[in-house]
Amino acid sequence: MKKISLYILTAVIALAFASCNTDAEKAFYEGTGGVEAGFSSKLLVRDLAAGENGTFAVTVYRGSTKGAASIPVTLTSVKTVLGTVKTDAPGVFSLQTATADFADGEAETTINLLYTFGSLDPVPTYEIILDLNADDASPAAQKTLTIRAKMKLEYASIGTGSFTSEFFEETWAVDIHKASGVDAYIIKDCYYAGYDIKYIISGGNVIVETQNIGWYYDDTYKWVMFTPQSSAIVAGGVDFTVKFTLTGAAFGGEYVEQVRLP
């Protein structure tokens, strides 16, 4: 009888400890603490397209999926990056919610960054930094995410324009393409097939994409190299001051090349 009573007492004590352990585990996962959250990487590079309607999602993961959890997320900084120059750009992006919310059993969720596509500067890259609450982050995961985002320009032909070259002393017809929603243009096949000139008008300035290659003219002059120097907005188009270098003739000089839109 004593032996049976001892077994019963041992079982009761074991159940009591089990109950305590369950309560402790439940308390550990309650609220937002200890959810082992993180981003999948330190860096995210992406384009911003007009079709996204000013929203793009960022995924947040967690290692512990027991219980619902809300993890604070901070939009730490937004800067424009042009070359080596970084400039604060407050107000361009915002978080739709200040938390990443997980349902019970959910291992990943998304947070949304909001922006106005037409308000973006098409020239620089945007550097956006997001931080998760340190108490919720997993030691093995990434607490901070740096996003490098740039406008994705979608071009379509707007018709035939003209291109007048002081260097070649000629005028010829060119197909002009324009990006949707911004003043960004491509002069298609300008000097030869496949040699496009891209430029953007932003803040009253013209930014011409530097051409990384020249083109082979003939066996005497060899390569012609095109290097933009300055540009001016004029009625109906843009005038480019360009340095031309002929590698085979040891010749170089600046000339005004003119594009007129359809």
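The values are calculated or read from the model by the stated rules, or taken from the named source; none is laboratory data. It should be emphasised that the depicted structure is a prediction, and the values quoted were computed from it without experimental measurement. So basically every Cβ, Gly included, is an ideal-geometry build from the backbone, and we count neighbours across all protein chains shown. Keep in mind that these areas ignore ligands, DNA and RNA; they rest on the heavy atoms of the full protein, side chains included. Shrake-Rupley method; radii C 1.70, N 1.55, O 1.52, S 1.80 Å.
Per the Debye formula with a single identical scatterer at each Cα and no solvent contribution, what log10 I(q)/I(0) holds for the chain at q = 0.09, 0.14 Å⁻¹?
-0.62, -0.98
For the range 142-197, take the convex hull of the Cα atoms, compute a quarter of its surface area, and give me that in nm², please. Could you put the intermediate results ahead of the total?
Working: hull surface 24.7 nm².
Taking the Cα atoms of the range 142-197, their convex hull projects to 6.2 nm² on average.
What is the angle, in °, between the Cα long axis of helix 2-29 and the longest principal axis of the Cα atoms in the chain? Nearest 10 is fine, range 0 to 90.
With rounding to tens, the tilt is 20 degrees.
If you project the alpha carbons of the range 61-147 onto their three principal axes, what span does each projection cover, largest first, in Å?
45, 26, 15
Measure up Lys150/Lys222; Lys152/Lys222; Lys79/Lys243; Lys66/Lys143; Lys79/Lys188 against 26 Å on the Cα-Cα distance and list the ones that go over. Don't jump to the answer; show the numbers that get you there.
Details: Lys150/Lys222 37 Å; Lys152/Lys222 36 Å; Lys79/Lys243 33 Å; Lys66/Lys143 20 Å; Lys79/Lys188 32 Å.
Distance filter (> 26 Å) returns Lys150/Lys222; Lys152/Lys222; Lys79/Lys243; Lys79/Lys188.
Bin width 5 Å, origin at 0, all Cα-Cα pairs of the range 145-262: what percent of pairs per bin?
All Cα pairs considered, the percentages come to 2, 10, 20, 24, 18, 11, 7, 4, 2, 1, 0.
So how far, in whole Å, is the C-alpha centre of the range 82-110 from the one of the range 160-224?
Spelled out, the Cα-based centre of one part sits 38 Å from the other.
Which of the listed residues, Val85, Ala50, Ser70, is farthest toward the dipole's positive end in the range 41-87, when Lys, Arg count +1 and Asp, Glu count -1 at the beta-carbon?
Ser70
Can you give the helix-only mean residue ellipticity at 222 nm for the chain, where every DSSP H stretch with n ≥ 4 adds -39500 (n - 2.57) and the sum goes over all residues, rounded to the nearest 500 deg cm²/dmol?
Working: 1 runs with 28 residues, N = 262.
Mean residue ellipticity, 222 nm, calculated: -4000 deg cm²/dmol.
Where the accessible area of the range 62-152 is counted over protein heavy atoms with a 1.4 Å probe, how much of it, in %, is carbon and sulfur? Each step should come with its number before you reach the end.
Details: 2240 of 4410 Å².
That share works out to 51 percent.
Mind checking the per residue accessible area of the range 157-200 for me, 1.4 Å probe, whole number of Å²? Mind showing how you got there, number by number?
Working: 1990 Å² over 44 residues.
Here the per-residue accessible area is 45 Å².
I need the Kirkwood Rh of the range 58-213: take the reciprocal of the average 1/r across all distinct C-alpha pairs and report it in angstrom.
Values: mean 1/r = 0.0525 Å⁻¹.
Roughly 19.0 Å, rounded to one decimal.
List the chymotrypsin sites (Phe, Trp or Tyr not before Pro) in the range 182-242 that DSSP assigns to loop (not H, G, I, E or B) and whose Cβ has at most 10 other Cβ atoms within 10 Å. Which are they? Mind dumping the intermediate values first?
On the way: sites: Tyr185, Tyr191, Tyr192, Tyr195, Tyr199, Trp215, Tyr216, Tyr217, Tyr221, Trp223, Phe226, Phe240; in loops: Tyr191, Tyr192, Tyr195, Tyr221.
For chymotrypsin sites (Phe, Trp or Tyr not before Pro) across the range 182-242 that sit outside H, G, I, E and B with at most 10 neighbouring Cβ atoms in 10 Å, the list reads Tyr192.
Which of the aspartates and glutamates could a cross-linker span from Lys42 if the Cα-Cα distance has to be under 16 Å and same-chain partners fewer than 8 positions apart are dropped?
Correct list for Lys42: Glu127, Asp131.
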